[in-house]
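These notes concern the structure reproduced below.
The values are calculated or read from the model by the stated rules, or taken from the named source; none is laboratory data. Keep in mind that what you see is a predicted model, and the values were worked out from it rather than measured. Counting neighbours? That spans all protein chains shown, and the Cβs are built from the backbone with ideal geometry, glycine included. We work out accessible area using only protein heavy atoms, side chains counted, and drop any ligands, DNA or RNA first. Shrake-Rupley method; radii C 1.70, N 1.55, O 1.52, S 1.80 Å.
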Amino acid sequence: MLKIYGSDLSSTSNKVRFVANFLGLKYEYSKVNLRAGEQSKPEFLKINPVGKIPAIDDSGFFLFESSAIIRYLADKNKSAIYPKELKERAVVDEWMDFGSMHVGMAVSKVTYNRLFAPMRGTPVDENSIKEGLGFLERFLPVVDGQLAKGEYLTGAALTLADFNMLAVLDPAEASQIDLSKYKNILRWRQALQKELFYTQCHKNYEDGLKAMLAAMKK
C-alpha cells in the first residue's frame, strides 16, 4: 500500500496528497513531526536520506521530492494529468518548474518569515520578506496572464502544473500575500479549492495552521 510521509503545513506534502486524492488512490498518510525532529531519525532516513518531506513508500519503493512523486504517481496510473505527448508534457513541466522554482521560492520567503520563524522563535528576516514579495509582483502577473488564456495553466485540461501551483499558493492568506488583483488566479484557485481532491486534504491552509497552533498550546 502507498504510504505518504508529510506534514499538514507543508505545501509540497499537500501537493502529493492532492494528486493522490485526484487519482483515487488508497494510501496511508503518516504525519512527520518536524518539531520533534522525526525527519532526522534513522528509520525515516532509510526512506529519504535527505531527511525532508514529503516522501513515499510505494510497497517498498521509496521516492522523495514532491514533483518527482506526483509525476511517478500520474505515470503509474496512466493519468492524463501528465500527458504522454512530448510537447504537451514539456509545457506541463515548464509550468511545474516555474511554479516551484520561482513562484514557490518567493512564497516560501514570505511564509517562512511571517509564519514559521515566529512559531520557532527565530529571527524574522524583513529583507527576505521584501525580496519574496518583489518576486511575486513580477511572477504572479505572468501566471494570471497565462490563466487568462484558458481554464487551466496549460489550456483546457487539468494537469500536474495546476496541482503544483495550487499547493504553492495555498499559504497565501495565512502569509498575508494579497492575490486580490489577480482575477484569473482567483477564479482558477477558488474553483479548484472546491474540488474533492482538495477538500479531502483540508478546507484551507489557514485552518490547518490554526489547528496546529492550538495543538502547540496544549
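At-a-glance table
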| quantity | calculated |
| --- | --- |
| Count - residues of region 59-111 that are under 14 Å from the mean Cα position of the chain (by Cα) and more than 19 Å from Met1 (Cβ to Cβ) | 20 |
| Index of the failed condition, Asn48 passing every other in (1) closer than 27 Å to Lys194 by Cβ; (2) in contact with a Phe, Trp or Tyr (Cβ under 7 Å, 6 or more places away or on another chain); (3) open to solvent by less than 10 Å² (accessible area, probe 1.4 Å) | (1) |
| Out of Ser67, Ser59, Ser100, Ser11, sole residue that is at positive phi, at pLDDT 95 or above and of a type in the set (Ser, Thr, Tyr) | Ser59 |
| Odd one out for Leu115, checked against (1) under 26 Å from Lys210 (Cβ atoms); (2) in contact with a Gly (Cβ under 9 Å, 6 or more places away or on another chain); (3) open to solvent by less than 80 Å² (accessible area, probe 1.4 Å); (4) not hydroxyl-bearing (Ser, Thr, Tyr) | (2) |
| Yes/no for Leu196 being within 25 Å of Asp8 (Cα to Cα) and open to solvent by less than 10 Å² (accessible area, probe 1.4 Å) | no |
| Residue in region 46-57 that is among the basic types (Lys, Arg) and in contact with a strand residue (DSSP E or B) (Cβ under 6 Å, 6 or more places away or on another chain) present | no |
| The listed residue being open to solvent by 20 Å² or more (accessible area, probe 1.4 Å), closer than 28 Å to Gly121 by Cβ and in contact with a helix residue (DSSP H, G or I) (Cβ under 7 Å, 6 or more places away or on another chain), out of Ser40, Ser30, Ser11 | Ser11 |
| Residue count, region 79-99 (criterion: of a type in the set (Gly, Ala, Ser) and open to solvent by less than 40 Å² (accessible area, probe 1.4 Å)) | 2 |
| Residue check for Ile69: free of Cβ contacts under 8 Å to residues at least 60 places away in the same chain, β-branched (Val, Ile, Thr) and open to solvent by less than 80 Å² (accessible area, probe 1.4 Å) | yes |
| Residues located in region 123-134, provided they are of a type in the set (S, T, N, Q) and open to solvent by 50 Å² or more (accessible area, probe 1.4 Å) | Asn127 |
| Test: residue in region 82-93 that is touching an Asp or Glu at 6+ places or on another chain (Cβ under 8 Å) and under 20 Å from Gly150 (Cα atoms) | yes |
| Lone unmet requirement of (1) under 24 Å from Pro171 (Cβ atoms); (2) modelled with pLDDT of 95 or more for Ala36 | (2) |
| Among the residues listed as Gln146, Gln176, the single one being under 12 Å from Val107 (Cβ atoms) and surrounded by fewer than 22 Cβ atoms within 10 Å (Cβ to Cβ) | Gln176 |
